[in-house]
Amino acid sequence: MNLIISTLKKDDLYHKKIMEKIQKSTNHVEIIYAEDMNIKGCTGCNRCWLVTPGVCTIKDDYEKLLIKFLQSQQVIFITDLKLGFVSYKLKNMLDRILPLATMNLRFKNGQMRHYPRYKKHYKMGLLYKGNGNQAFLEKWFERVMINLEGTSMGTYPIENEEEILNELIHC
């Protein structure tokens, strides 16, 4: 299964266009809309590492989201940019998937990295709407994927969605 997580409103024109393309091209995609979920911000308590390994103590829709991540082969995030960076809704979701890693550290390629909690290689990409520094967003998302022991499918302005959607549709 492939997963799309969108922080855009369902009635957004770009969003509708992309969803139509996906629905015409593939039937193995699940779509999650942030507006339908209650995902609170991470408090940084580290209980998901120290007390309840892999499980966040904040009770909201996070666990449903984590299960979807674990079931998915690829994940595409669709978000709008605020002040040149991803929306707070997407940042909250990414912060909350911290339990995909453990608190144990190791050196890998000359850098300290967390050990992954699960034997899974994540493949994720980002489509964004709005003005931002493409190089910065690309570097940031690559770092996110390094921390998750995964591969970035890239970051693309929503107007150039063909590249990432082709990879999703033809997986």
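Just a few scattered comments:
- With an a/c value of 1.5 or above and a/b not larger than b/c for the gyration tensor axes a ≥ b ≥ c computed over the alpha-carbon atoms, region 112-171 is described as oblate.
- What separates the Cα centres of region 14-51 and region 94-132 is a distance of 16 Å.
- Set K82/K129; K16/K120; K21/K64; K59/K91; K10/K123 screened for pairs whose C-alpha atoms are more than 20 Å apart: K16/K120; K21/K64; K10/K123
- Summing +1 for each Lys or Arg and -1 for each Asp or Glu among the other residues whose beta-carbon sits under 15 angstrom from that of L83 gives +3.
- Residue among Y118, F85, V144 farthest towards the positive dipole end of region 50-171, charges placed on Cβ: Y118
- Cα gyration tensor category, rounded, prolate or oblate, for region 20-93 with a/c compared to 1.5: oblate
- Entry note, the chain: the mean residue ellipticity at 222 nm calculated from DSSP H runs of n ≥ 4, each adding -39500 (n - 2.57), is -10000 deg cm²/dmol after division by the residues and rounding to the nearest 500.
- Top of H121, H15, H28 by mean-square fluctuation, Gaussian network on the chain, Cα under 10 Å: H28
- Between K120 and N104, full extension at 0.36 nm per residue minus the direct alpha carbon distance yields a gain of 4.1 nm.
- Cβ-based net charge around W140, under 15 Å, with every Lys or Arg adding one and every Asp or Glu removing one: +1
- Its residue count N fixes a reference of 2.2 N^0.38 Å for region 1-146, and the Cα radius of gyration divided by that reference is 1.08.
- Across the accessible surface of the chain, with the other protein chains kept in place and a 1.4 Å probe, carbon and sulfur atoms take up 53 percent.
- Loop-resident sites, region 82-171, for trypsin sites (Lys or Arg not before Pro), counting at most 10 other Cβ within 10 Å (DSSP): K119
- By definition, a body whose alpha carbon gyration tensor gives a ≥ b ≥ c is oblate when a/c is 1.5 or more and a/b is not larger than b/c, and region 1-46 fits this oblate description.
- The residues of region 92-161 present an accessible area of 51 Å² per residue when probed at 1.4 Å with all protein chains retained.
The values are calculated or read from the model by the stated rules, or taken from the named source; none is laboratory data. These figures come from a predicted structure and were not determined experimentally. Because the Cβ atoms are built from the backbone with ideal geometry, glycine has one as well, and the counts that use them run over all protein chains shown. Accessible surface is based on the protein model in full, side chains and every heavy atom, while ligands, DNA and RNA are left aside. Shrake-Rupley method; radii C 1.70, N 1.55, O 1.52, S 1.80 Å.
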